[in-house]
Structure formats: C-alpha cells, structure tokens
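The structure appears right after this line, and notes come after that.
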Amino acid sequence: PFDNVKVRQAIAHAIDRETLSTVVMQGLAKPAYGMLPISFPGHAGDRFRSLQAYDPQFARRLLAEAGYPDGAGFPSTDLWINGTDPTTRRITQAIQGMLKLNLNIDIEVRPKDSASYISALYKHQIPFALSGFQSDYPDPHNLLSMVWHSQPVGYGRHDWQNEAFDRLLEQADTEVDPDRRYDLYGEAEKILVSEAAGVFLYHGVKAELRKPWIKGVPITSSGHQPFWTNYITHTRIYISNDVERD
C-alpha cells in the first residue's frame, strides 16, 4: 500500500510529533518536519511544517481517497526495527498506537537482528521499517544526496524515486554559488517531504552534564556535532535527531 502517495501522506499526518517529543522522548526531542536537523546547514525551519503537520481528520480523508476508508481493507503490516533497544520499542509502540487510533490500521512491531535487517534494507525488501542514518559531515549533500538520490538495488537504502528530486540534487551537488546551492537542496527537500518519502518525526537532543568551567571541548574527535536520522522505510518515517550542547 505504501506505493500510494496518499497512504504515505496519511501516515505523515497521523503521527503526533509533540507527544513523541515531550512524552515518549521525555522532552529530549523537538518535532521535525524535514530531513535536515535543527542547526544543520540548510535546515528549513518551519517551511515544510504544513506538509506533514499532525491532522488526524485530514489523514483519515487521505486514507479514504487512497481506497482504505476508516482503514478498511488495509493489510496488516509489520513495522521492522533493528534490534531491541528500549527507546526504539517505545517509539514504535507509540507509532503503532497512533496509526490504530487515527487511521484504524494494524501495525505489528517486528524486531530483527542487525545483519538481517541491513541486508533486507539494501535489497529493498522491507515494506515498513524504522531505521537510522548518522551524518558523516554537516552538509545537505550527506543527508539528502547520499541517502535519498535513487540508486540501484544493493547500493541505496530506498526504492523511492523521483526524477525532479534527483535532478535538483545533481544540480546542487555541482553548484559553486553557496546561496543557489542551498536553494536547490531546499527545493529537493520540499519534494521529499511533500511526497512523504520520509515521514519526519523529531530531532533528538543530546544532553551533556559538564562542570561550568570546562570550555571548548568538542563533542566528537572531528570537531563537529554529529547528526543522525531515524526513519521507517517505504513510508520511511524519519526521526531526525539533532545533537545540542548543554
């Protein structure tokens, strides 16, 4: 069913990001509406918020338009997760409950060992799964082009494809003007969000306790803050995590 864009959009509008951030993550997260985390170069702010805002009534209408009124006929679906981490289980159980409450669709959480999970992911054999990506460097190329540009089976994580999206990324990757480059990445990210190729949930916050007189210590040996993104493939519910200093 996730090949239907309206199904993906329905799921995007059925997830309460505020509850995920404040209750499930106990305040150590901020709602997300795009792939690039808060403070990441090219972050869109609230520009894409309306494209995936929590709206159960609209979500139910989209699902009905997709051919599943009140969830009728929607197949029982497994939500794959990598391992049995307690936080991941809480997140997926919350998603499971929201999709049942707001769309009346049944989702079962399916833990998998890491090797099986990664193998199936790159073979495009997972219909619906929470996953993750940590950036290697703070640039939109890393989180957009490397993660989302279409690639053959075995080389890319996702089978979602959009020619306009790919063209914008290719232009941005070779653009030398910084402002124009970020504009192109922004146009591409808007397609990603509006098509609900990724359903973005929250930016996680890393809290650190330090003595007040300790200054200038980088979080990573490379000297920049790491960013990562978790998501569900095919509908790809993304949990974009931004790391902050405290």
#### Entry: From the C-alpha gyration tensor of the stretch 30-188, square roots of 5λ in Å
29, 21, 16
### Message
If you take every residue apart from L103 with its C-beta less than 14 Å away from the C-beta of L103, what net charge results, scoring Lys and Arg +1 and Asp and Glu -1?
### Response
0
### Query
Mind checking which of R157, R210, R180 has the largest fluctuation in a GNM of the chain, springs on alpha carbons under 10 Å?
R210
### Query
Among M98, S119, Q134, which residue has its Cα positioned farthest towards the positive end of the charge dipole of the stretch 93-141, with +1 placed on the Cβ of Lys and Arg, -1 on the Cβ of Asp and Glu, and the dipole taken about the Cα centre?
M98
## Note on the structure
Quick numbers on the stretch 102-193, Rg and Dmax over C-alpha atoms in Å, give 15.6, 48
### Query
Which value, in debye to the nearest 20, describes the size of the charge dipole of the stretch 80-205 about its Cα centre when Lys and Arg Cβ atoms bear +1, Asp and Glu Cβ atoms bear -1, and nothing else is charged?
740 debye
### Query
How much of the accessible area of the stretch 1-74, probe 1.4 Å, is carbon plus sulfur, in whole percent?
49 percent
#### Entry: Mean ellipticity per residue at 222 nm, deg cm²/dmol - from DSSP H runs of n ≥ 4 across the chain, formula -39500 (n - 2.57)
-10000 deg cm²/dmol
### Query
Once the Cα gyration tensor of the stretch 32-94 is diagonalised, what are the square roots of 5 times its eigenvalues, in whole Å and ordered largest first, as equivalent ellipsoid semi-axes?
26, 22, 9
#### Entry: Environment charge of A10, counting only residues whose C-beta is closer than 12 Å and scoring Lys/Arg +1, Asp/Glu -1
+1
### Message
Between 0 and 90 degrees, rounded to the nearest ten: what's the tilt of helix 86-103 against the longest Cα principal axis of the chain?
### Response
40 degrees
### Summary
Computed from the beta carbon distance with a Förster radius of 45 Å, FRET efficiency for R61 and V176 to the nearest 0.05 stands at 0.50
### Task
Over the stretch 1-87, give the accessible area per residue in Å² for a 1.4 Å probe, as an integer.
46 Å²
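The values are calculated or read from the model by the stated rules, or taken from the named source; none is laboratory data. Bear in mind the structure is a predicted one, so any value in this text is a computation, not a measurement. Every residue, glycine as well, gets a Cβ built from its backbone with ideal geometry; the counts of neighbours run over all protein chains shown. We work out accessible area using only protein heavy atoms, side chains counted, and drop any ligands, DNA or RNA first. Shrake-Rupley method; radii C 1.70, N 1.55, O 1.52, S 1.80 Å.
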